[in-house]
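Report on the structure given below.
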Amino acid sequence: MTDVTLKIDGADVTVPEGTLVIRAAEEAGIEIPRFCDHPLLAPVGACRQCLVDIPDAGNGRGFPKPQASCTIPVAEGMVVETQNSTAVKAQHGIMEFLLVNHPLDCPVCDKGGECPLQNQAMSHGRSETRFEGTKRTFPKPINLSPNVLLDRERCIVCQRCTRFAAEIPGDPGIALIQRGAQQQIGIADDKPFSSYFSGNVIQICPVGALTSDDYRFRARPFDLVSTPSVAEHDACGAAIRIDHRRGKVMRRLAGNDPEVNEEWISDKDRFGFRYAVRDRLTSPMVREDGELRPASWLEAVALAAQGLAAAGSVGVLPGGRLTLEDAKAYAAFARDTLRTPHLDFRARPLSAEETDFLRTRVAGTSVTYADLDAADHVVLVGLEPEDEAGTLFLRLRKANRKGLRITALSAYASEGSRKLGAEVVLTAPGSEKDALSQVSGVTEASVILLGERLATSPGAYSAAAELADRTGARLAWVPRRAGDRGAVEADLLPGEGGLDADAMIRQSVRGGLGALVVGGVDPDDTADPATFLAALDQAGFVVSLEQRVTAVTERADVVLPVAAASEKAGTFVTWEGRRRPFEKVFDKPAAYSDAEVLAHITAEFSQLGAESAEVADETVESSPTTTDSAATTTDSAGFRLATWRLMLDNGTLQRGDKALAATARPAFVRLPAALHEKVGDVVTIAGDRGSWTLPALPAELAENTVWVPTNSFGRGVWADLASPGSTVTIEGAEQ
């Protein structure tokens, strides 16, 4: 790229051709006031605050009037004055104009103390106002969404929010309405502001016009203590900032990390933090005479060690919320302390094929966001980024807008795929193996991204690996939970002769395992929730490491409360393989991480002189390649069931925030258009575990396939509706 040299305030500045004047000034350390400008949004020149004088545009002639530096690209020989009398007069005039109707409510405004308008009014404004009229007012606030409130009299129509919504997530639900002096931000007529990323408009609003329903009037910025951290809701590793006061989280903001999430986070990462304070377990509990009672840490740890030592064979199910340090602790606890090979972090449908794939093709590998930016083609298989990996979705959308080709093998042509500009290859559940063999345009510059749902598709992981080996493409696995990739790196998978999670559950039901250690597993997430609960009932001894009361803790013999992410330091490993360390936000007494709790049990265990555990049954079976043979066959009277979790659903870590829950998308059954026309707008969908009656919508789906969200209704698909890989029936329901 050609470099260009220009003068800014008398100093020579050399920048790449095409750089905007305002960016060139930043390179030179020269401050130009601005409101509408944002480095990650397209320039628009809406606020006009960044006016500068350009006496020479590089061709010997200057502009007759001051120009918005956020829209003018540099030119060789250009001369820019940002602080001469012409520029200063223009900047003062614009500031005076913006303040004409802006209310003087800084003492009660949520932006007060961190407001660009406040700061720049002092540095680039007049010392006194000449306005003597009456400022305009509006009824306030109005709800753009359950999370986002608008005070219209504060708005300076910089359009940051509308540009973000349209450009970054592709959810143009807010727009400029009316014209002239009445122009204001409002909800688009044709589509509400329903976005998983709506909270970002609050953070980038430069004047406090957009506020959070959750944070509004709760604190002042100068009262807060800020701690950098990492989001715990998915495997993307988004940088966040936790603002807290007196031991309570007041708000969470996006951190600035150009290599990962840039300056954006999902609403789940921003607002989903109340789970850490609602209904928390406050002390250990032990079972006595069939009932749980509070106990001291010393008593609970001792009983846990004694019960595990006496059990003989033990299964360890750590779950997917772990930090890398916790994952390593579980691996050492299982293999070195309990001497058991029965270890598996996967609290979801799984397969033996996946186990081998994770060990041989995922552990120790790295594909980064930068690799996606440089790729010529990205293939998505068993993965819906908008719902399952928010930061990944935004990065893919940004790359697609710059020309990246995206192909999605999916049973349902979702709205998220449309926003990505993806070519959707409609693929029935279980047919991914055949579809992968027909994907074209994959080269050594391509990236193949695989979701965890492929565990229920026979041969899909092997087919993806073969495609990558044949073409030279990069291959990456994108799990849903924050701790899953770290669990793979720590080898929280069955050892030699060991049982995976599904096999452990089946063995426990038959009495083949003497004890279970369960950490952060929701039974309704597993492939067979009823069998999982039965296994807990049948197991001789159950130790639960949990944050809240769950179906597991209610059946456990010893319950040990563990710290939430904000109460411990640790490291999450992202889907890239990138390590994301974070600090402890709160130093709460007796808030122990999983690793610390396991260390206490290990110390007590060693004092007992316990003998090594033995495998309960040398002939135990492992899980088959797929969880159900029906994954590859379709009953003539049934439809294949496609499903994945929506980003906002009935998940445990989203509980406690009513505004966030109100933005969750309603549960619909998606049907082929012909079937929808036949059965109507309300249907009963029935599987081998139950039935649901839900509203239905027509959609573009693979042949003989229907789609429902996994955990947006009842207890979820696996508990209430159907087993993985089975078929369902559809009937019209009376309205």
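Things to note:
- Here's how it looks for residue 262: its modeled amide H is under 5 Å from those of 257, which are all 5 or more places away or on a different chain.
- Annotation for the stretch 8-34 versus the stretch 295-355: alpha-carbon center distance of 57 Å.
- The stretch 497-542 versus the stretch 58-119: alpha-carbon centroid distance in Å: 64 Å
- Considering only the chain, percent of DSSP beta bridges that pair antiparallel, nearest 5: 55 percent
- The base-10 log of I(q)/I(0) for the stretch 435-524, evaluated at q = 0.11, 0.18, 0.24 Å⁻¹, reads -0.47, -0.97, -1.30 [Debye formula, identical scatterers on Cα atoms, solvent excluded].
- Percent antiparallel among DSSP beta bridges (both partners in the stretch 476-597, rounded to 5): 30 percent
- Taking other residues whose beta carbon is less than 12 angstrom from the beta carbon of residue 147, and scoring Lys, Arg as +1 and Asp, Glu as -1, yields +1.
- The chain: relative contact order as a whole-number percent, Cα under 8 Å and 6+ apart: 13 percent
- Projecting the Cα atoms of 685, 593, 277 onto the charge dipole of the chain (Cβ charges, centred on the Cα centre) puts 277 farthest toward the positive pole.
- Of the Cα atoms belonging to the stretch 1-148, the radius of gyration and Dmax stand at 17.6, 54 Å.
- In terms of its C-alpha gyration tensor, the stretch 376-442 comes out oblate, because a/c is 1.5 or above while a/b does not outweigh b/c.
- Partner aspartates and glutamates whose Cα lies under 16 Å from the Cα of residue 65, excluding those fewer than 8 positions away in the same chain, are identified as 53, 56, 81.
- For the stretch 458-548, applying the loop criterion from DSSP together with a ceiling of 14 other beta carbons within 10 Å to the GluC sites (Glu not before Pro) yields 496.
- Members of 7/89; 111/402; 191/398; 191/268; 658/678; 135/191 lying beyond 27 Å, as alpha-carbon distances in this model show: 111/402; 658/678; 135/191
- 14 Å cut-off, amide nitrogen to a point 7 angstrom out along residue 157 Cα→Cβ, residues in the stretch 69-110: 97-102
- For the stretch 68-200, the fraction of alpha-carbon pairs in successive 10 Å shells from zero, as %: 10, 33, 33, 20, 4, 0
- Distant alpha-carbon pairs in the stretch 9-74 (separation over 21 angstrom), percent: 17 percent
- Amide H to amide H distances under 5 Å link residue 516 with 315, 541, 542, 543, where only residues 5 or more positions off or on other chains count and H is placed in the peptide plane.
- The stretch 465-565 shape via C-alpha gyration tensor axes, a/c threshold 1.5: prolate
- Shape class for the stretch 181-268, computed from the alpha carbon gyration tensor (a ≥ b ≥ c): oblate, with a/c not under 1.5 and a/b at or below b/c.
- 3J(HN,Hα) along the stretch 204-218, derived from phi through the Karplus expression 6.51 cos²θ - 1.76 cosθ + 1.60 where θ = phi - 60°, amounts to 8, 5, x, 9, x, 6, 9, 10, 8, 4, 6, 9, 3, 6, 9 Hz, with x in place of Gly and Pro.
- Phi angles of the stretch 304-321 translate, via the Karplus equation with coefficients 6.51, -1.76, 1.60 and θ = phi - 60°, into HN-Hα couplings of 4, 5, 5, x, 5, 5, 7, 6, x, 9, 10, x, 10, 10, x, x, x, 9 Hz per residue; Gly and Pro are given as x.
- Amide H contacts of residue 233 (H built 1.01 Å from N, in plane; Pro and chain starts excluded): no residue 5 or more places away or on another chain comes under 5 Å.
- The stretch 73-135: radius of gyration and largest Cα-Cα distance (Dmax), Å: 15.0, 48
- Highest to lowest packing among 137-143, 482-488, scored as the average C-beta count within 10 Å: 482-488, 137-143
- Between the entries (1) 179; (2) 255; (3) 153, the label attached to volume of the Cα convex hull per residue in Å³ calculated for this structure is (1).
- Rounded Å value of the spacing that divides the Cα centres of the stretch 229-273 and the stretch 563-609: 20 Å
Rule-based calculations on the coordinates, nothing more; no lab input. This structure is a prediction, so every number in the text was calculated from the model and none was measured. Using ideal geometry, Cβ is built from the backbone for each residue, glycine included, and neighbour counts are taken over all protein chains shown.
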